[in-house]
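The values are calculated or read from the model by the stated rules, or taken from the named source; none is laboratory data. These numbers come from a predicted model, not from an experiment. Virtual Cβ from ideal backbone geometry, glycine too; neighbours counted across all protein chains shown.
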Amino acid sequence: MSRVPIRVRVAAAFAVAMALVLSATGLFVYARLGDDLAAALDQDLRLRASDLSALVRDPNGSLAAEAHGALVERGESFAELVTPQGAVLDSTPPIGRTLLLGPADLRDAGRHPVFTDRRSVPGLDESARLLATPVVRAGRRLVLVVGATRENRAEALRSLRTELLIAGPIALLLATVIGYLLAGAALRAVETMRRRAATISADRLGERLPVPRTGDELERLGVTLNAMLDRLEGALERERGFVAEAGHELRTPLALLRAELDFALHHAETPEEMRDALRTASAETDRLVQLAGDLLLIASSDQGQLALRTEAVPARDVLESVRNRFAWRAAESHRALTVEAPGDPELVADRVRLEQALSNLVENALRHGAGTVSLRAARSGEVIELQVRDDGPGFPADVLPRAFHRFSRGAESRTTGGAGLGLAIVDTIARAHGGTARAANAPGGGAEVAIVLPASAARERSLSPADAGTPAGRR
């Protein structure tokens, strides 16, 4: 069934639905006409019984004499007058003296009008409908029986049935053809979109599907698919940019590493020159390892596979660990590293990843900033912020809007090294924890970068008043 074209399936479903509708309508009309004809026959018998009652009340009136009159139609209607005991006093031909009522019907007819059916009537050999009603003639209670054949009703129903059997299939065929044509017209826009979609490839990313302006589901489908193509194009462009930038960033340390190794192998004349070349090669190797790790982390995040090993950890412990890691760098530069954690909120996070993100922020602050580098953790309403701030010149105006973009660097960074992945990794780790990262220039000068985590991932940790807010540098 799945191989059958949608157009044919829609037409077939339309045909089945129309067949059910036509069948139900035909049965309803047939049954309703039968009921109406039966009701009309009963009403006709009542009128005829009323007229003939006036005739039989006259002692000189005769049903046989009325056989060719207006009250009795030859071959279709008849009447007879009987006593309560079942004796036929008068009748229209060809009934003769045959009693048309059974004992029970005759007994009931003496008290009130009674309708009954007979399969056949003498001389007519057709099914008939009878109405027996009590009458009084010369002070004597009698029963008047009037009847009519049901052939007219049967002929009308046969005619209707024949017309339905002829017109129904024709109507069904026409409806199926119309349904097939309408389905084709409705699917023409889908076929147009399909042909255009078949031409879209990685080399023609700007192509979009034609959207019919119909205001219905097809238009919404086209708009949705074009939006999906926009997202795919953006993702592919980012992927291409990522690969190009990654290749560019890898090329430089690899070239330097090769140059240093070639110098050590072919040009170093003294042990000191050999050590200098190997020392430089080792530094470039470390840079390559760090860059490869950063690229793998971002790639894992893009695929939704950045695994976190969360645990409950005090924010102060995380900040202290990062501070201790960069203490010697800060001492060499004669700069201070401070830690503040009012209330010491407890985080539920991956400590290793969180320290990695904060280390990137401190690295940037030591490399591009100036003055004291402050690490601070504080809860603000429904979020908790981990901030790193320095007293340097802050972010250049052209860099701040794209600070967290991959390979985004200012002019100074391009000359002092760095791949432009540090803040991108910070943003990746923050989002992996369900939070965000933000960067700004502090009002008093310097750069301020914060990792903002939802409060659901943190809870206040009780501290003594002496511990709360004590800078780590003064412990």
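Residues that are surrounded by 16 or more Cβ atoms within 10 Å (Cβ to Cβ) and over 41 Å from the mean Cα position of the chain (by Cα) within the stretch 323-354 comprise 323, 326, 330, 335, 337, 338, 339, 340, 341, 343, 344, 345, listed in sequence order. Within the stretch 31-53, the set of residues being more than 14 Å from residue 143 (Cα to Cα), touching a residue at least 60 places away in the same chain (Cβ under 8 Å) and not charged (D, E, K, R) comprises 33, 34, 37, 38, 41, 45. Taken together, the residues in the stretch 83-126 that are basic (Lys, Arg), in contact (Cβ under 8 Å) with a residue 24 or more places away in the chain and surrounded by fewer than 17 Cβ atoms within 10 Å (Cβ to Cβ) amount to 0. Kindly establish whether residue 214 is part of a helix (DSSP H, G or I), of a type in the set (S, T, N, Q) and surrounded by 12 or more Cβ atoms within 10 Å (Cβ to Cβ). Criteria not met by residue 214.
In this structure, is residue 378 among the aliphatic types (A, V, I, L, M), buried (at least 16 other Cβ atoms within 10 Å of the Cβ), out of contact with any Lys or Arg (no Cβ under 8 Å at 6 or more places or on another chain) and not in a strand (DSSP E or B)? In short, no. Farther than 21 Å from residue 365 by Cβ, modelled with pLDDT under 75 and either under 59 Å from the mean Cα position of the chain (by Cα) or of a type in the set (A, V, I, L, M) (or both): does that describe residue 299? Taking the combined requirement at face value, the residue satisfies it.
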